[in-house]
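Everything on this sheet refers to the single structure shown next.
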Amino acid sequence: MFTEVDVMHEWGLMQEIIRIVSEEAYQNGMEEVTRIEVIVGEWSNVLPDALEIAFGCIRGELSGGPISKQTDLIVKSEPALARCRVCGCTFKPDYRLAFCPGCERPEADLISGETFRVDAFEGREINEN
Ligand SMILES: [Zn+2]
């Protein structure tokens, strides 16, 4: 189960994604968007399931735009990854202030896992048959 707050957060993000993709689709002369791919980092505070639920609801209410019930949402997850500033080793951190498994110092930077963005989208152009 999702709390209302969680779903509201993803709902807002999804509306923003739809707005951005719709705008770009128009600029590219795209009549219909068939697929939207988003990258969701493990530590981005975005719940992929909630995002999909929000998309399912929102796309059903859209009309006249390039995004519709035929548009698929693909959520790609990005794992959290840290790199040690001391020895350069990369590892999967358990929490934000992670100790490096190589030299055991807490001086690692998060290098992946916080991303939340549209990666790509596909569609059909107006003149295409
Ligand atoms: Zn290290």
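The values are calculated or read from the model by the stated rules, or taken from the named source; none is laboratory data. All of these numbers come straight from a predicted model, not from anything done at the bench. Every residue, glycine among them, receives a Cβ derived from its backbone with ideal geometry; neighbour counts consider all protein chains shown. Heads up: the accessible areas ignore ligands, DNA and RNA and are worked out on the full protein's heavy atoms, side chains in. Shrake-Rupley method; radii C 1.70, N 1.55, O 1.52, S 1.80 Å.
State the number of residues belonging to segment 75-129 that are under 30 Å from residue 54 (Cα atoms) and among the basic types (Lys, Arg).
Summing the residues that are under 30 Å from residue 54 (Cα atoms) and among the basic types (Lys, Arg) in segment 75-129 gives 5.
When you check residue 92 against the structure, is it closer than 16 Å to residue 14 by Cα and not acidic (Asp, Glu), yes or no?
When the stated conditions are applied, residue 92 does not pass them.
I'd like the full set of residues that are in a strand (DSSP E or B), within 14 Å of the ligand (Cβ to nearest atom) and open to solvent by 80 Å² or more (accessible area, probe 1.4 Å), limited to segment 79-129.
Once the filter is applied, which keeps residues that are in a strand (DSSP E or B), within 14 Å of the ligand (Cβ to nearest atom) and open to solvent by 80 Å² or more (accessible area, probe 1.4 Å), segment 79-129 yields only 83.
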